[in-house]
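The values are calculated or read from the model by the stated rules, or taken from the named source; none is laboratory data. Since this is a predicted model, take the numbers as computed values, not measurements. With ideal geometry, Cβ positions are generated from the backbone for all residues, glycine too; neighbour counts draw on all protein chains shown. Accessible surface areas use protein heavy atoms only, side chains included; no ligands, DNA or RNA. Shrake-Rupley method; radii C 1.70, N 1.55, O 1.52, S 1.80 Å.
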Amino acid sequence: MSTNSTTEPGRFSRRLTPRTVALEYSSWILLAVLIIIGTSVSPLFLTPENFVDILYQSSIIGVLAIGQFLVILTGGIDLGVGSVLALSAVVGALGVTVGGVPLGIAGSLVVCGTLGGLTGAVVALGRMPPFIVTFGTLAIARGLALTLTSGGPVNLADPAFFAIGNGYWPQVIWAAVIVAGYVLLARLPVGRHIYATGGNEDSARVSGINTTRILVLVYGLSAVCAAIGGLIFTARSTVALPTYGQGYELQAIAACVLGGTDLFGGTGKLAGVVIGVIILTMLGNILTLTGVNPFWNFIAIGAALWISVTFRSRLMVSR
């Protein structure tokens, strides 16, 4: 699944050579290498049950990465998604406790989406660096989550809510978010406006695109994706903690980079982001199957980022 070619003008040569193929499909190549390694080190890796588990474990970061992808396409970055996930968990749990599952879900999406929209408005109207603004969002969301719970847990006992985070529902929700992202980017005019804003914001504005509205939209959607991830997380763990989501923003960004998304904006494919998420999860899965300390997962993610970025940079320079 990918965006159409008109949204990525002139970044890759249309004449297929080994170098252009390697550049455009670098994430698929890395995924294939991981599958070969996983198959070599463990007989359990290449089983249907293990692949279902990889998709299950990918779902939360997968949803967050789709929202992060939209922001990065505009040339921004969202460092607040991990804290927004925690705020979503707390608001959702309190809402379920007070008024049931519909209130919990609606309250979480509205509160987080509003905070994301405000973040986009500050970035656009204040002409502020997204790094600084979303760092503020990180602090605000975490502070709200801690304040609402006084730093403690919110326990849940609603089986209807637990279903969101178990069985096949997390994968189904992730798939629905991917489809929504595809429709937004490839089938609606706003998708071209998102790419145009990231390619050159000033030119996009001169050509009639309301870039302020685009930025408010993408940061709002990123927060909504983080809220969905928070609801899945809470339903899976049956308790909401204000400390959830620490470091998740880095994993969402890493998934986009591994999937070939340009951090300067304007270039990237939705399919690449999905592959990037699976690569991240597969790294942890291989370490678990081989009995390696799970703390090595962070080192493996960092090494994979180094290799991927270096590989793509060399191909871009020598193209």
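Could you quote the convex hull projected area for the range 253-319, Cα atoms only and averaged over all directions, in nm²? Show your work: numbers first, answer last.
Working: hull surface 19.4 nm².
Averaged projected area of the range 253-319's Cα convex hull equals 4.9 nm².
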At residue 190 and residue 98, where each label point lies 7 Å from the Cα along Cα→Cβ, what is the point-to-point distance in nanometres? 2.8 nm
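Ranked from highest to lowest mean number of other Cβ atoms within 10 Å per residue, what is the order of the peptides 61-72, 272-283?
On the way: 61-72: 29.4, 272-283: 25.1.
Most protected by this proxy first, the peptides run 61-72, 272-283.
Is any helix in the chain, taking whole DSSP H runs, at least 18 angstrom long along its axis by alpha carbon and on average at least -1.0 on the Kyte-Doolittle scale, and which ones?
Details: long enough: 26-41 (23 Å, 2.20); 48-73 (34 Å, 1.34); 81-99 (26 Å, 2.01); 101-125 (36 Å, 1.85); 130-149 (28 Å, 1.48); 169-182 (20 Å, 1.31); 211-237 (39 Å, 1.43); 270-289 (29 Å, 2.36); 296-317 (31 Å, 1.15).
Helix filter hits for the chain: 26-41, 48-73, 81-99, 101-125, 130-149, 169-182, 211-237, 270-289, 296-317.
Once the Cβ-Cβ distance between residue 288 and residue 236 is put in as r, and R0 is 22 Å, what FRET efficiency do you end up with, to the nearest 0.05? Please report the intermediate quantities before stating the final value.
Numbers: r = 17 Å, r/R0 = 0.79.
After rounding, the FRET efficiency stands at 0.80.
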Using bins 10 angstrom wide from zero, how does P(r) for the chain break down, in % of all Cα pairs? 6, 27, 33, 24, 8, 1
Spin-label point model (7 Å from Cα, Cβ direction): what's the residue 158 to residue 106 distance in nm? 1.2 nm
Can you give the three extents of the C-alpha atoms in the range 178-319 along their principal axes, from longest to shortest, in whole Å? 55, 46, 24
Could you pull the accessible area for residue 97 with a 1.4 Å probe, rounded to 10 Å²? 90 Å²
Tell me the carbon and sulfur percent of the accessible area for the chain, rounded to whole percent, probe radius 1.4 Å. 71 percent
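Order the peptides 218-227, 34-43 from the highest to the lowest mean number of other Cβ atoms within 10 Å of their residues.
Answer by packing, highest mean first, reads 218-227, 34-43.
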Per-residue counts of other Cβ atoms within 10 Å, averaged by peptide: what ranking do you get for 302-314, 242-254, highest first? 242-254, 302-314
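Suppose the chain between residue 40 and residue 171 were pulled fully straight at 0.36 nm per residue; how much longer would it get relative to their current alpha carbon spacing? Numbers along the way, then the final one.
Working: separation 131, 0.36 × 131 = 47.16 nm, distance 2.68 nm.
Extra length available between residue 40 and residue 171 comes to 44.5 nm.
Please compute the length gained on full extension between residue 53 and residue 311, using 0.36 nm multiplied by the number of residues separating them and subtracting their Cα-Cα distance.
Numbers: separation 258, 0.36 × 258 = 92.88 nm, distance 2.92 nm.
This chain segment gains 90.0 nm when fully extended.
Where Rh is the Kirkwood radius over the Cα pairs of the range 147-204, the temperature 4 °C and the viscosity 1.567 mPa s, what D in µm²/s does Stokes-Einstein return?
Working: Rh = 15.1 Å.
Estimated diffusion coefficient is 86 µm²/s.
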Which net charge results for the neighbourhood of residue 137, defined as the other residues with beta-carbon distances under 13 angstrom from its beta-carbon, given Lys and Arg at +1 and Asp and Glu at -1? -1
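Residue 296 to residue 264: extension gain in nm, 0.36 nm per residue of separation minus the Cα-Cα distance? Intermediate results must be reported in sequence, preceding the final value.
Values: separation 32, 0.36 × 32 = 11.52 nm, distance 2.92 nm.
Contour length minus the Cα-Cα distance gives 8.6 nm.
Would you please give the FRET efficiency between residue 29 and residue 303, computed as 1/(1 + (r/R0)^6) with r the Cβ-Cβ distance and R0 = 25 Å, to the nearest 0.05?
On the way: r = 16 Å, r/R0 = 0.64.
The formula returns an efficiency of 0.95 here.
With r as the distance between the Cβ atoms of residue 200 and residue 132 and R0 = 25 Å, compute the FRET efficiency 1/(1 + (r/R0)^6) and round to 0.05. Provide the component values of the computation, followed by the final result.
Working: r = 22 Å, r/R0 = 0.87.
It comes to 0.70.
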Averaged over all viewing directions, the convex hull of the alpha carbons in the range 169-251 casts a projected area in nm² of 6.7 nm²
